[in-house]
Structure formats: C-alpha cells, structure tokens
Amino acid sequence: MWTDEAGIDAAQRRLDEWESSIAARAARTRALSGRLAELTGTARSEDRTVEATVDSSGALVDIRLDERTRGQSAAHTAAQVLTTTRAAYAELLRKVAAGGRGDARPGRPVRAGDRRLVRAAVGRAGAGGQRAACRPVTASR
C-alpha cells in the first residue's frame, strides 16, 4: 500500500494515537460508571418528618419517619413518603446529570465524551425530576 517509510511511519503514528485515545476513553467510561453506581439521592419533607434515600438505580433504600408522623393520618404520611421519594429521585438525577461528581454545581459541565453515558444512565433511571415540597439533603447535615 505504501512504498515509502514516511507514509508507513505516519500511518503507524495515527494507529497508535487512535489506540491510546480508545484506551483513555475506556478508562474514563469505567471511572464514570463507577461514580454513577455509587450515587444516591436523599430528600427530606418540608416539615422534616420524612426522609427518603434512593440508590443509583432509583430504588428506595432508606426511609426515616419522625415520631411526629404518628400524629398524622396514614394517608398524609403515605403522600409525604411518595413526594419525598420523588424528590430524592430528582436529587439522584441531578447528580447523574452532573456526571457522577455528586457536587452538581452549575458551571461544571460534564466532559463531552461522557455525555452519552450520562444520558444513558438517566434514560435507564426513567423519567423523574418532578418538583416536590421537599429539600435535597446535602452531605453536611
């Protein structure tokens, strides 16, 4: 195909660059996947009687009820649990959209190459992000 050494060397360099870019992308993908798998979302109801936590797949993994819920109707407590769980799920999606960093501050975009992975993770998690009368719980409680 090539008759001169310069052409063969140039082709070899391009192949080496391509191979290293694929290896770098695979490493970033593994790191992002690991960060996403460790994420959780937690929210607390406005009156602080219900706290819900969901895991990286959106499944409810912890629910905490304040003793004050005993004085409420079961229907009211159930509604608070559902609303707070949805808010925890929205918090999880916010973290996923931030690329698994967990800090999800505006102005810290996800790397262009990682956006597809994040979209896939959000897609697997399903539709969510509904507004609720709840607040996300930050690491500094």
Breaking point among (1) in a helix (DSSP H, G or I); (2) modelled with pLDDT under 90; (3) surrounded by fewer than 16 Cβ atoms within 10 Å (Cβ to Cβ), for D103: (1)
Residue under evaluation A24, criteria (1) of a type in the set (G, A, S); (2) touching a strand residue (DSSP E or B) at 6+ places or on another chain (Cβ under 8 Å); (3) in a helix (DSSP H, G or I), criterion not met: (2)
Residues (modelled with pLDDT under 90 and either surrounded by fewer than 18 Cβ atoms within 10 Å (Cβ to Cβ) or more than 25 Å from Y89 (Cα to Cα) (or both)) located in the range 36-53: A37, E38
Tally, over the range 27-62, of residues that are closer than 18 Å to A78 by Cβ, out of contact with any Pro (no Cβ under 6 Å at 6 or more places or on another chain) and not in a loop (DSSP other than H, G, I, E, B): 9
Number of the exception - T84 against (1) outside any helix (DSSP H, G or I); (2) under 19 Å from the mean Cα position of the chain (by Cα); (3) among the β-branched types (V, I, T): (1)
For R14: the one exception among (1) modelled with pLDDT of 95 or more; (2) exposed (fewer than 13 other Cβ atoms within 10 Å of the Cβ); (3) charged (D, E, K, R): (1)
Residue count, the range 54-67 (criterion: buried (at least 20 other Cβ atoms within 10 Å of the Cβ) and not hydrophobic (A, V, I, L, M, F, W, C)): 1
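The values are calculated or read from the model by the stated rules, or taken from the named source; none is laboratory data. Owing to the predicted nature of the structure, the values given are computational and were not obtained by experimental measurement. Please note: Cβ atoms are built from the backbone with ideal geometry, for glycine as well, and neighbour counts cover all protein chains shown.
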